[in-house]
Amino acid sequence: MEINNLILKDYPCLHSEILRFADRIKVKALRTMFVNCSLNTLTTTVRATGSDIYLITGDIDAMWLRDSSAQVLQYLEISPKTSDVQGLIKGLLKRQFRCILSDAYANAFNVEENGNGHNEDECGERNPLVFERKFELDSLCYPLFLAERYYGYTNDETVFDDTYFKVSERILQVFETEQDHHKNSPYYHYRPTETPEFSVPGRGKGGPCAVTGLVWSGYRPSDDPCEYGYFIPGNAFVAVVMRGLNKTALKFNKSSIAERAAKLAKAVEDGIAKYGIVDHPKYGRIYAYETDGLGNYNLMDDANVPSLLGLPYIGWCTEDDEVYKNTRRFVLSKDNPYYHSGSVISGTGSPHTPGKYVWPISLMIEGITTDDGKRINDIVETLMQTTGGTGYMHESINADNAADYSRPWFAWANSLFAYFIIKKADKISYIKRTIQMEEKR
């Protein structure tokens, strides 16, 4: 990865806060990893264009709406009041909003209208700003999620400008359309250069599904196609951000947007309750990963977030919710077909990386969504021992060989590691307690 330390001069306060937190970490290896991972997004992925902020995901030269949002959340945790962080996140939101208004069905974008990306795709529309046009629910949820989190930390109302509400209306329009995908939606996506299982079923149009109140999605946050059209973690994310949008719209007297957001959230919540929960013979009532509303379910979890394991992380439920607890036991077991147990690391993987590969993101989410100090420290130890000597996180790791990993440069995983360490600092034995940090939290 190409590290640009010069960009740190644009974020002096944030850089200082990261180093100050790192001083609390008593073990050099963990301290080095924290600094590496905290700064990775700033030093390798940020491109200030003059009018906004473009953020690539790492070794792919494109900006994903999902990844770029998740890559900056740790900065809100550590230094939200600084102009450094506010400028970074507001600049990123400005770029994300531009992208959504350009094509609300796309998941990844180019820095300019250069036509780079998957031009072989059959998807109905061509837009030179779009790198990839995979419709994923979380792509539209994450920017709204980030805006709400930003406001919650800063009380800066300027983020909710006319463009924010214009984007919100466009997102609402797409979600409402996709509640009856086969009747109302123009969207399809097929990649002829790959085998059919790597495109949306039905040559890009999707398999049969009932009208349930849920929102249809073509792809998962792994960028893999949904087997069944209703992706439950994504729908939970839709409900969460729509509840947030409802409150924000009411605050700014946008009654039409508020009403539509509340109606959509209620329909999705009812749909999950009716179609998204199954009675498992071993675990009891658990959330399905996907369904078609016709009685078919996909019982699994994928490390990419939103995931079933990460439902509290996105704000859908609390960690002590009964259905979530049952689901968590299922996800962290061999009954989840993508849970892998090995000699060096155990956790959830993904069909995106076939074989016995565990995603560090899944361990971070497991740690973020528990208060079990022993388990949190075990996860920290595992992550410290599985960087393959690089001091950075990876996309996935061979469960039996830490030197065998995918994507040496994956900024989302690095950022989430920093977020995990900051959020669970009071539980990690290697981190000194300070009154100042407790007051910040």
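Once you have the alpha carbon radius of gyration of region 313-397, what is it after dividing by 2.2 N^0.38 Å, with N set to its residue count?
Working: Rg = 13.1 Å, N = 85, 2.2 N^0.38 = 11.9 Å.
Output field value: 1.10.
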Virtual paramagnetic centre 7 Å along Cα→Cβ of Asp320, amide N under 17 Å, in region 350-380: 369-373
10 Å binning of all Cα-Cα separations within region 1-51, expressed as whole percents from 0 upward: 24, 50, 22, 4, 0
Residue-by-residue Karplus 3J(HN,Hα) for region 203-213, coefficients 6.51, -1.76, 1.60, Hz, glycine and proline x: 6, x, 9, x, x, x, 7, 7, 7, 10, x
Qualifying trypsin sites (Lys or Arg not before Pro) in region 1-85, DSSP loop, other Cβ atoms within 10 Å at most 15: Lys26, Lys81
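Mind giving me the FRET efficiency for Asp335 and Asp61? R0 is 35 Å, r the Cβ-Cβ distance, nearest 0.05 is fine. The partial results should precede the final answer.
On the way: r = 39 Å, r/R0 = 1.10.
Working from the Cβ atoms, E equals 0.35.
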Estimated distance in nm for a label pair at Lys251 and Asn5, the labels positioned 7 Å out from Cα along Cα-to-Cβ: 4.0
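For n ≥ 4 DSSP H runs only, could you compute -39500 (n - 2.57) per run for the chain, divide by its residues and tell me the 222 nm figure to the nearest 500? Kindly include the intermediate steps, with their values, before the conclusion.
Working: 16 runs with 194 residues, N = 441.
Result for the chain, helices only: -13500 deg cm²/dmol.
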Cα point-scatterer Debye curve for region 240-282, base-10 log of I(q)/I(0) at q = 0.15 Å⁻¹: -0.43
Asp404 paired with Glu122, simple spin-label distance in nm, labels 7 Å along Cα-to-beta-carbon: 3.7
Amide hydrogen neighbours beyond the local backbone of His280, cut-off 5 Å, H modeled: Arg285, Ile286
Distance between modelled label sites at Val344 and Ser102, nm, 7 Å Cα→Cβ extension: 3.9
For region 350-441, diffusion coefficient by Stokes-Einstein and Kirkwood Rh (Cα), 25 °C, 0.890 mPa s, µm²/s: 177
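Normalized C-alpha radius of gyration of region 1-137, against 2.2 N^0.38 Å?
Numbers: Rg = 16.4 Å, N = 137, 2.2 N^0.38 = 14.3 Å.
Expressed relative to 2.2 N^0.38 Å, the Cα Rg reads 1.15.
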Sequence-distant residues sharing a close amide H with Phe131 (under 5 Å, placed H): Ala108, Phe109, Asn110
Residue range of the chain that is longest and free of GluC sites (Glu not before Pro) which are both DSSP loop and sparsely packed (at most 16 other C-beta within 10 Å): 195-318
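For the chain, what are the DSSP H helices with axial Cα length of 20 Å or more and mean Kyte-Doolittle hydropathy of at least 0.0? Write out the running numbers ahead of the final one.
Details: long enough: 28-44 (22 Å, 0.33); 83-102 (28 Å, 0.20); 137-154 (26 Å, 0.12); 162-177 (23 Å, -0.22); 232-251 (29 Å, 0.62); 255-275 (29 Å, -0.10).
Span-like helices in the chain: 28-44, 83-102, 137-154, 232-251.
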Three semi-axes of the equivalent ellipsoid, region 273-432, Cα gyration tensor, whole Å, largest first: 27, 19, 13
Mean-position separation - Cα centroids, region 55-124 and region 316-374, in angstrom: 27
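Expressed as a fraction of 2.2 N^0.38 Å, the rule-of-thumb size for a compact globular protein of N residues, what is the C-alpha radius of gyration of region 362-406? List each step's numbers first, then the result.
On the way: Rg = 10.9 Å, N = 45, 2.2 N^0.38 = 9.3 Å.
Normalised Rg, Cα atoms only: 1.17.
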Estimated translational D of the chain in µm²/s (Stokes, Kirkwood radius over Cα pairs; 20 °C; 1.002 mPa s): 98
Accessible area expressed per residue, the chain, with surrounding protein chains retained (probe 1.4 Å, Å²): 38
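The values are calculated or read from the model by the stated rules, or taken from the named source; none is laboratory data. Bear in mind the structure is a predicted one, so any value in this text is a computation, not a measurement. All Cβ positions, even for glycine, are placed from backbone atoms using ideal geometry, and neighbour counts span all protein chains on display. These area figures cover heavy atoms from the full protein model, side chains too; ligands, DNA and RNA do not enter into them. Shrake-Rupley method; radii C 1.70, N 1.55, O 1.52, S 1.80 Å.
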